[in-house]
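Asks: Below: one structure in structure tokens.
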């Protein structure tokens, strides 16, 4: 399965930076999942939600966030969040 670069950052640290096979979020418009070669997308994460992703080794992880913004462009995903657990 193809991968894409995924970076999840807060104001104080990098929560994840590496290759991912999948990333799923809940935006204000609903739930959406991303795999390699997804079309460009910019969205605002729903308040108090989680980011679920599968890394290149097939390990599934979830990061809980208070809020955030996601950008998927040129086969790369960056999520900037506020307050993560």
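The values are calculated or read from the model by the stated rules, or taken from the named source; none is laboratory data. Every value quoted in this text rests on a predicted model; they were computed, and no experiment measured them. Cβ coordinates were reconstructed from backbone atoms using ideal geometry, including for glycine residues, and neighbour counts include every protein chain displayed.
Asks: Kindly provide the set of residues from segment 69-85 that are modelled with pLDDT of 95 or more and either closer than 14 Å to residue 8 by Cβ or in contact with a helix residue (DSSP H, G or I) (Cβ under 8 Å, 6 or more places away or on another chain) (or both), ordered by number.
Replies: Step one: list which residues in segment 69-85 are modelled with pLDDT of 95 or more, which gives 69-81.
Scanning segment 69-85 gives 69, 70, 71, 72, 76, 77, 78, 79, 80, 81.
Asks: Do we have residue 71 as assigned to a strand (DSSP E or B) and within 19 Å of residue 19 (Cβ to Cβ) here? I'd like the intermediate steps shown before the answer.
Replies: Values: assigned to a strand (DSSP E or B): yes; within 19 Å of residue 19 (Cβ to Cβ): yes.
Yes; evaluated as a whole, the condition is true for this residue.
Conditions (1) touching a strand residue (DSSP E or B) at 6+ places or on another chain (Cβ under 7 Å); (2) closer than 13 Å to residue 75 by Cα, marked per residue:
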residue: 2; (1), (2): no, yes
residue: 5; (1), (2): yes, yes
residue: 12; (1), (2): no, no
residue: 19; (1), (2): yes, yes
residue: 26; (1), (2): yes, no
residue: 38; (1), (2): yes, yes
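Asks: Can you tell me which residues in segment 52-68 are under 12 Å from the mean Cα position of the chain (by Cα) and under 17 Å from residue 3 (Cα atoms)?
Replies: 52, 53, 54, 55, 61
Asks: Please tell me if residue 58 is outside any strand (DSSP E or B) and surrounded by fewer than 16 Cβ atoms within 10 Å (Cβ to Cβ). Quick ask: steps written out before the conclusion?
Replies: On the way: outside any strand (DSSP E or B): yes; surrounded by fewer than 16 Cβ atoms within 10 Å (Cβ to Cβ): yes.
So residue 58 passes the test.
Asks: Would you please name the residue that is modelled with the lowest pLDDT, looking only at residues in segment 25-41 that are loosely packed, with under 15 Cβ neighbours inside 10 Å and in a strand (DSSP E or B)?
Replies: Filtering first and then ranking leaves 30.
Asks: Still on this structure, I have one more. Enumerate the pairs (first residue in segment 34-58 and free of Cβ contacts under 8 Å to residues at least 40 places away in the same chain; second residue anywhere and surrounded by 16 or more Cβ atoms within 10 Å (Cβ to Cβ) and in a loop (DSSP other than H, G, I, E, B)) with beta-carbon separation below 7 Å, excluding pairs fewer than 6 apart on the same chain, so at least 6 apart or on different chains.
Replies: 36/3
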